[in-house]
Every structure is written in structure tokens, then in C-alpha cells.
1. When residues of region 304-328 are filtered for being within 20 Å of residue 245 (Cα to Cα), part of a helix (DSSP H, G or I) and within 36 Å of the chain's Cα centre (by Cα), how many remain?
2. Only one of (1) surrounded by 15 or more Cβ atoms within 10 Å (Cβ to Cβ); (2) in a loop (DSSP other than H, G, I, E, B); (3) at pLDDT 85 or above fails for residue 187. Which number is that?
3. Look through 259, 279, 203 and report the one residue that is outside the structural domain of residue 182 (by TED's automatic domain parsing), modelled with pLDDT of 90 or more and not in a helix (DSSP H, G or I).
4. So which of 296, 238 is assigned to a loop (DSSP other than H, G, I, E, B), touching a helix residue (DSSP H, G or I) at 6+ places or on another chain (Cβ under 7 Å), free of Cβ contacts under 8 Å to residues at least 24 places away in the same chain and surrounded by 16 or more Cβ atoms within 10 Å (Cβ to Cβ)?
5. I'd like to check something: does region 207-220 contain any residue that is surrounded by 18 or more Cβ atoms within 10 Å (Cβ to Cβ), out of contact with any helix residue (DSSP H, G or I) (no Cβ under 6 Å at 6 or more places or on another chain) and not in a strand (DSSP E or B)?
6. Looking only at region 332-352, count every residue that is part of a helix (DSSP H, G or I), farther than 17 Å from residue 393 by Cβ and either over 26 Å from the mean Cα position of the chain (by Cα) or free of Cβ contacts under 8 Å to residues at least 60 places away in the same chain (or both) and tell me the total.
């Protein structure tokens with residue numbers, strides 16, 4: 001008698017059936033395999049000129065390495081590394097080795113996941129909770145992300161942070177810098193520490209994280225310690241202009257250590273400070289009036305806009321007007337620099353945009369982080385975000401700034417030659 005019973009596998013309670021994810025994972029596996037093969041073939045093609053004494057090619061394919069799972073944003077993807085053999089090497093010193101840029105030899109996770117882990121840590125997850133939290137995204141048990149692996153990763157991040165803090169800056173130069181102190185709502189002792197951040201623009205127009213350390217609020221001493229440390233590691237050339245808020249501590253320390261640097265006050269902070277001095281019903285109109293000032297095409301028109309602002313609000317809201325007047329010179333300093341750079345120099349947005357998401361994550365941690373852990377996780381988030389920072393517009397103007405060319409209302413001042421009359 002023939003057994004015609006159909007055996008239907010039952011879905012386990014802890015598994016999630018998702019045909020779309022399975023399809024994406026299969027497609028990713030196929031594309032990754034093709035990319036690895038193409039990379040290996042391109043490498044072999046570039047080495048065709050290397051021959052053995054008998055005319056045969058020195059480098060040949062030598063099968064594949066063992067299959068391993070790479071953790072990606074759509075779960076584990078199985079891959080195999082292409083192996084290439086050097087038939088002409090007499091010892092290890094002469095051996096030509098192929099290293100895949102797509103699939104490094106010891107890779108177990110994509111870089112996007114390495115950026116995801118500190119984010120989850122900042123949200124308050126302990127190392128033992130990572131597998132459960134990532135199971136739906138990465139598959140059952142989330143291999144290669146065990147608690148021991150997470151602990152080892154945090155140790156690696158600590159080492160990375162220490163190496164970054166000790167890096168040599170003698171070969172670096174920053175044309176512009178942005179400074180700000182950021183307070184986070186993590187468990188940082190009884191009094192919240194202030195994380196001091198300094199970002200610089202290189203002569204090529206690239207933004208880099210220059211300084212990062214915790215201080216006792218935004219005091220002059222805290223900023224002085226940060227700037228002294230930067231100078232100690234070799235940064236000897238003063239930035240041309242610094243952008244920051246009205247915190248007196250930074251400006252005092254800057255004048256002591258980099259006295260030649262010009263001051264530009266952040267319009268984002270100034271607008272918030274001014275609006276805090278008036279009722280909410282007045283704020284929309286006042287915000288438009290402030291925008292007319294910093295978006296003016298020339299310094300003269302900006303000064304006229306400030307006069308109009310005082311005429312409109314001076315009688316009823318003198319504190320708001322005084323808040324603008326007392327920093328008028330520093331608020332309009334950007335007019336003496338290339339117009340292409342005004343959008344970058346008017347605000348500390350390079351720092352604010354990064355910390356907007358950091359604040360959103362840390363405000364919900366409810367005391368789950370120690371000071372050291374919070375500082376480390378924030379550092380990792382900034383380093384991950386720095387890879388997508390936008391370069392300065394008008395980078396061709398930076399060599400002129402370095403050379404000392406003067407600008408007026410954003411345009412280069414071209415000296416008019418004088419002719420002696422005989």
C-alpha cells in the first residue's frame with residue numbers, strides 16, 4: 001500500500017515568514033557573488049603581463065574560500081571569497097596576494113550595521129538584548145552579533161576613540177571652524193556634562209571632526225583645554241574664521257590661543273535667543289524680520305534691515321533689539337568672506353544637524369548610559385555621520401582665502417593699479 005500522506009511543515013512560533021525578504025536576500029546573494037567574480041577577473045586582467053619562465057600566467061584562480069554569512073540590513077547573506085594563487089612566489093615575502101575590496105577576508109558585517117549598533121546602544125539596549133532586538137531584521141539568533149561580539153566591538157570603539165584623540169595634527173590646516181557645546185539627556189553624573197565639538201573645513205572644502213571632549217559646561221576653561229590639546233598635537237595655523245553661538249567661554253579661549261581668528265556668531269542660535277524674549281504671537285513676524293537681515297545681499301542692506309527691525313520692535317521689545325545690536329558686528333562678519341561660503345558661515349548647522357538625531361535618541365535612554373559609554377556612543381555616531389557631510393560650496397575660493405585675498409559683500413576686492421602722472 002502506497003503512503004500518500006502529505007507532510008506540511010508548520011511555521012515555528014519564533015520565525016517570521018516574509019517572501020519579499022527572502023527574495024531580496026536571494027537577489028543580494030546573486031548580485032554579491034557576481035560582483036566578487038567580476039572584481040577577481042578584473043584583478044587577474046590587470047596582472048596578465050606577469051608570466052612564469054615557461055610563459056604561463058603567474059596568477060591564476062584557485063577556487064573559493066569556505067562559505068560564510070555576512071550580516072546585512074536584510075539579514076544574513078551567504079557568500080564565498082574568490083581565491084587567487086601566485087604560482088611564481090618562492091617565499092611569502094615575494095607572494096602577490098589578492099584582497100577583495102568588496103568582501104574583506106575577515107568581514108562578518110556590513111559597515112551600515114557597525115553604524116547601527118551604537119545607535120541601538122544609545123537607545124538603552126544592553127549587550128544581551130541585541131540579538132532579540134535584531135532578530136526580526138537579521139534573522140533568527142542574529143549570528144555574528146552575540147553579546148560577546150558586541151562587548152568586543154565596544155572595546156574596539158574605545159580604542160578607536162583613544163587613537164583619534166591622540167592623532168597628529170601637524171600636517172592639518174582648517175580654514176573655517178564651527179564650535180558648539182551640546183548637552184545630552186543621558187545619565188552623566190548628577191550634573192549633565194557638556195560635550196564640546198569642533199568641526200573644521202580643510203583647504204579642499206572637506207569638513208572634519210577636529211575636537212571632541214566633555215567639559216564642565218561651556219566655560220572658558222573647558223574650551224581652553226580643548227584648544228590647548230589641539231595645539232599640542234600640532235595644529236599651529238589659526239583658522240581664518242570661527243562660527244559659534246554667544247557662549248563667552250569659547251570666544252575668550254579662542255582669542256587667547258588663536259588670536260588672529262575672526263568671529264562669526266551663529267544666526268540659528270541668535271534667532272532662538274531673540275524669539276525667546278517676545279510673546280509667541282510676535283515670533284512669526286519677528287522671525288521674518290530677522291531673516292531679512294542675514295539674507296541681505298550686502299552689509300549695507302543688512303544694517304538697514306537691522307534699523308528697520310529696531311523701528312518695528314524697539315519700543316515694545318527693547319530686549320530683543322538689544323540682543324541683536326550687541327552682536328551686530330559678529331553677526332555680519334560673513335559679508336567679508338566669499339559669497340559662496342555664506343550659507344556655511346551663518347550658522348553652526350554642521351554640528352546642529354548631526355546632534356539633532358543624537359538628542360532624539362539620547363533623550364529616551366532614561367539613565368541607561370554611563371558618562372564613558374554615552375561619550376563613546378556619541379563619538380561613533382558623529383564619525384558615521386561625517387562620511388556624508390557635504391563639502392563646502394565654492395571650494396575654488398578657499399585658496400584665495402588662504403592667500404589673504406580680501407572680500408567685500410562676498411566679492412573679491414581687486415586692487416586697482418595706480419599710474420604715476422609724469
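The values are calculated or read from the model by the stated rules, or taken from the named source; none is laboratory data. Just so it is clear, the structure is predicted and the values come from calculations on it, not from any experiment. Neighbour counts run over all protein chains shown; Cβ positions are idealised from the backbone, glycine included.
1. Selection size over region 304-328: 8.
2. Unmet condition: (3).
3. When all the criteria are applied, what remains is 279.
4. Only one candidate passes the filter, namely 296.
5. Checked region 207-220: no residue is surrounded by 18 or more Cβ atoms within 10 Å (Cβ to Cβ), out of contact with any helix residue (DSSP H, G or I) (no Cβ under 6 Å at 6 or more places or on another chain) and not in a strand (DSSP E or B).
6. Counting residues in region 332-352 that are part of a helix (DSSP H, G or I), farther than 17 Å from residue 393 by Cβ and either over 26 Å from the mean Cα position of the chain (by Cα) or free of Cβ contacts under 8 Å to residues at least 60 places away in the same chain (or both) gives 2.
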